[in-house]
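The values are calculated or read from the model by the stated rules, or taken from the named source; none is laboratory data. Computed from a prediction, not measured in an experiment: that's the story for all the values here. Glycine gets a Cβ as well: all are built from the backbone with ideal geometry, and neighbour counts include every protein chain shown. Quick note on the areas: whole protein, heavy atoms, side chains included, nothing else; ligands and nucleic acids left out. Shrake-Rupley method; radii C 1.70, N 1.55, O 1.52, S 1.80 Å.
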Amino acid sequence: MISVRDAQAHILDRITSPAPPELLPLAAALGRVLADDVRSEMDVPPTANSAVDGYAVAAADIPAAGTRALEVVGELAAGAVFTGVLGPHQALRIMTGAPMPAGADSVYLQEFVERAGDRVIVGPMTAGANVRHRGEDVRAGAVVLSAGTVLRPQEIGVAASLGLAQLLVRQKPRVALLSTGDEVAEPGTVRKPGQIFDSNRFSLRGLVEAAGALAVDDGIVPDQFDELHARLLRAAEHADVVLTSGGVSVGDYDLVKSVLQQAGGIDFWQVAMQPGRPLAAGSIGRAHFFGLPGNPVASMLTFHLFVRPALWKLAGRRELFVQPFHATAAEPLSKKAGRREFKRGILSWAKDRWEVRTTGPQGSGILTSMTAANCFIVIEEERGDVEAGETVWVEPFQSL
Ligand code: AMP
Ligand code: MG
């Protein structure tokens with residue numbers, strides 16, 4: 001038996017080099033991982049500018065008390081530049097985003113002044129108000145986004161604000177997906193007696209894509225040694241990761257194990273967890289290999305725990321794990337000490353705290369427990385039964 005944490009550490013240790021980089025236009029870079037630091041060559045904003053629609057003035061012309069009339073010497077729209085210098089007792093009508101004119105350092109909000117012909121009547125105000133300073137967002141030379149960052153909409157916006165049109169990101173890891181088992185039938189075909197429809201290849205495909213990787217469908221493989229051997233080796237030629245489900249247990253037809261024992265470089269673990277005990281991890285040809293258990297919930301959970309962090313490391317990410325948080329158990333949870341248990345949970349906000357309950361029957365073949373759930377409830381190895389009202393860890397599912 002190996003702990004979840006040790007299995008994760010061994011798997012991540014084997015991934016030593018991330019996917020190669022590629023240059024992508026900003027519009028195609030969402031969800032990708034930066035391969036390099038992004039350093040700004042310019043200040044953002046490039047010039048001091050007005051934060052409001054109003055009147056630019058010099059601090060010296062702001063009265064300490066009472067009012068003062070200033071001469072309005074012109075008007076400046078965003079995108080225009082005032083070529084003159086503002087003199088004493090002068091104001092410039094200015095729009096949001098227009099560069100501050102020379103001689104001015106403060107802007108009156110237009111609602112706070114009174115316009116009278118070519119003059120504007122102003123009162124007391126804080127010197128320097130309503131000005132955005134040059135470089136207040138980004139300083140020239142600064143590292144604005146660092147390698148390993150996942151590009152969310154805001155990172156892409158920041159890159160655009162620096163004038164960049166493309167970014168150097170990691171290629172998506174390619175993941176070959178295979179289901180194993182004579183009993184497994186392709187959805188949309190006629191199921192023979194004794195068969196079940198393949199669900200794993202579809203839920204796993206979704207997980208692969210949601211993790212930012214590229215799924216390659218390599219179909220269903222029957223429980224035949226030579227066929228399995230050939231198909232796994234072929235998959236390893238066109239993918240960075242080969243991912244199978246089923247056949248890693250100790251049944252008579254669990255051939256993934258015997259095929260891979262020949263291929264070498266694979267560890268077979270009994271992980272101290274529930275559900276999803278058996279797991280194979282290592283390499284086949286030049287590809288990484290993961291053999292997940294066949295039970296539909298177990299295969300999704302082991303993906304979440306072991307495959308996704310590996311894909312994220314391959315993709316060059318800095319953060320490899322989703323942060324769990326605390327919630328209150330709304331019902332008692334049965335738990336065997338000595339292993340880490342994962343229940344399918346429904347997390348909800350109950351007045352002043354996060355509460356979590358299970359989805360009902362927790363068999364590892366009950367895939368609808370995953371559709372009813374929005375999180376895993378994680379109960380650590382050393383814990384036994386959990387009483388209602390106790391605190392437990394939850395890991396929200398990745399939203400899509
Ligand atoms: P195995 O690990 O191959 O012994 O499979 C464990 C259980 O998971 C068995 O009940 C299988 O029928 C089931 N199973 C295996 N592969 C799949 C699949 N692709 N989709 C749905 N269930 C599966
Ligand atoms: Mg099987």
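Here each label is just a point 7 Å from Cα along the line to Cβ, and for Q262 and R14 those points are 1.9 nm apart. Accessible surface calculations at 1.4 Å, restricted to protein heavy atoms, place the chain at 47 Å² per residue. Which shape class, rounded, prolate or oblate, goes with the chain when its Cα gyration tensor gives a ≥ b ≥ c as root eigenvalues, a/c under 1.5 marks rounded, and past that a/b bigger than b/c marks prolate? Prolate, since a/c reaches 1.5 and a/b exceeds b/c.
Simple rule: put +1 on each Lys or Arg Cβ and -1 on each Asp or Glu Cβ in the chain, find the dipole, and look at A215, V169, A236; the Cα lying farthest toward the positive end is A236. Annotation: lysines with alpha-carbon distance below 29 angstrom to K192 (same-chain offsets under eight excluded): K257.
Label sites at F202 and A372, each approximated as a point 7 angstrom past Cα along Cα to Cβ, lie 2.0 nm apart. Per-residue SASA remark: W393, around 80 Å² accessible (1.4 Å probe; ligands, DNA and RNA not included).
With a sphere of radius 14 Å drawn around the Cβ of A372, what net charge do the other residues whose Cβ falls strictly inside it have (Lys, Arg +1; Asp, Glu -1)?
+3
Would you please classify the overall shape of the range 272-342 from the alpha carbon gyration tensor, given that a ≥ b ≥ c denote the square roots of the eigenvalues, rounded means a/c under 1.5, and beyond that prolate means a/b larger than b/c while oblate covers the rest? Could the numbers behind the result be given before it?
On the way: a/c = 2.98, a/b = 1.52, b/c = 1.96.
It is oblate, given that a/c is not under 1.5 and a/b is not larger than b/c.
Considering only F202, G247, A60, and ranking their Cα positions along the charge dipole of the chain that arises from unit charges at the beta-carbon of Lys, Arg, Asp and Glu, the one farthest toward the positive end is G247.
Computed about its Cα centre, the charge dipole of the range 1-107 is approximately 200 debye, with only Lys, Arg, Asp and Glu carrying charge at their Cβ.
Considering only DSSP beta bridges where both residues belong to the chain, give the percentage that are antiparallel (nearest 5).
Working: 57 of 85 bridges.
Counting only bridges with both partners in the chain, antiparallel ones make up about 65 percent.
Order of 82-92, 166-176 by packing, highest average Cβ count within 10 Å first? Before the final figure, lay out each step's value.
Numbers: 82-92: 16.7, 166-176: 21.6.
Highest-to-lowest ranking by the protection proxy: 166-176, 82-92.
Within a Cβ distance under 15 Å of Y108, other residues only, what is the Lys/Arg minus Asp/Glu net charge? Result for the local shell: -3. Where only DSSP H runs of four or more residues are counted, the chain gives -5000 deg cm²/dmol as its mean residue ellipticity at 222 nm, each run worth -39500 (n - 2.57).
Which of rounded, prolate or oblate describes the range 328-400 when judged by the alpha-carbon gyration tensor and an a/c cut-off of 1.5?
On the way: a/c = 1.67, a/b = 1.07, b/c = 1.56.
Because a/c hits 1.5 or more and a/b fails to exceed b/c, the range 328-400 counts as oblate.
Scanning residues 5 or more positions from F197 or on other chains, those with amide H under 5 Å from its amide H are A185, with H placed 1.01 Å from N in the peptide plane. Using the Cβ of F325 as centre and a radius below 13 Å, the other residues enclosed give a net charge of -1, where K and R count +1 and D and E count -1. In straight-distance terms, cross-link reach from K172 covers every one of the lysines whose alpha-carbon lies under 27 Å from its own, apart from those fewer than eight places away in the same chain; here that gives K313. Note on surface exposure: D252, D182, D13 rank D252, D13, D182 by accessible area, highest first, 1.4 Å probe.
Dipole check for the chain: with +1 at the C-beta of Lys and Arg, -1 at the C-beta of Asp and Glu, and the Cα centre as origin, the magnitude is about 240 Debye. Label separation (A60 vs D118): 2.3 nm, computed from points 7 Å beyond Cα along the C-beta direction. Across I377, I366, I284, mean-square fluctuation computed from a Gaussian network of the chain (C-alpha pairs under 10 Å connected) peaks at I366. Considering only L76, H89, V378, the residue lying farthest towards the positive end of the dipole of the chain is V378, judged by Cα position with unit charges set on Cβ.
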